[in-house]
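Structure first, commentary second.
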Amino acid sequence: MLTPERVARAWASPVHRYCRRMMPSEAEADDAAQEALIKVVRHLDRYDRTRPLAPWVYGIARNTCLDALRRRTHKREDDAVEVIDPAPGALVLVDEAQTAARVRRALVTLPDLYRDVLVLYHYENLKYVEIAESLDVPLGTVMNRIFRARQKMREALEVA
Amino acid sequence: MSPHFDLDTVVRFVRGDLDEAHAIELALHLDDCPTCRARVAREEPLTRWLAALPSPETPAALADRSLAPAVDTPAIAVAAVCVTVATVAVVLANPVPDLASGLVVARATAQALAGLLAVTGTVGWIALWAAAVGSTLAARRLSESP
Ligand SMILES: [Zn+2]
């Protein structure tokens, strides 16, 4: 049975994780995750139970994040992740925390469109078809976006 | 159909989450195919970088907060007004002779409404109890006046 209680418990972590990757700061991610999960729980009756749940939930999380990003009137530079850049092109994973910070910063600089598919594919382990369903776009668009997103990430990280 | 493996399969292979049968198939193919070897070599570093981002810790109260019932502010306001009006009406109709029963009615009304509207959550409770106490005090003052 798909009860609000069960859905909230099962989806709190994935929704929060997705928002954390989409939003530039932890505080904004927490707010977006809370807002998205409330929408998921309250609008559960609008979910078409013949369809898979994941694309629907991530769709709500995406719209919540994009709305929040649009509402940002000024870029909060102080929220930006502090990174001391190692030599450009360095393939060596310098230090775990520093690596994570670089990835996070590269993610933040990615256009929303690409960050979204990259996060869904890499961190939420969604299949191409699920991402296509969530975005309501053709499969080819998803494949193309993931390819471009990886390319942009490589440029931002200057790896390979 | 392309004789080579697609990006999705290569990335899953590099990540180690391709099922065993397909992973073996790809590994065998790599022995003979420089194109796919190059593709694996190209996708491997970024995949490793992406995996370096740790999973964030979910705030403990996230699920609970999303399950908290919506606070229906208009309903609370209406309830508070109802309680007050009912109390004032009781006291006006029966000012001095029977103060005690006036208070009993006022409190009972407020409590009944509070009970009914407890579903509106903590804020609902607080608002309704405030209304109950307020109307009781109002009843006392009204009945004290000659
Ligand atoms: Zn090949």
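Quick note: the coordinates plus some simple rules give every number you see, no bench work behind them. These figures come from a predicted structure and were not determined experimentally. Virtual Cβ from ideal backbone geometry, glycine too; neighbours counted across all protein chains shown.
Worth a mention:
- Principal axis dimensions, largest first and in whole angstrom, of the stretch A:1-77 by Cα: 44, 19, 17
- For the peptide B:39-51, the mean number of other protein chain Cβ atoms found within 10 angstrom of a residue's Cβ is 5.
- A dipole drawn for chain A from +1 and -1 charges on Cβ atoms has a positive end, and of A:VAL129, A:GLN98, A:THR3 the residue lying farthest that way is A:VAL129.
- Simple spin-label estimate for A:ARG51 and B:LEU28 in nanometres, 7 Å along Cα-Cβ: 4.0 nm
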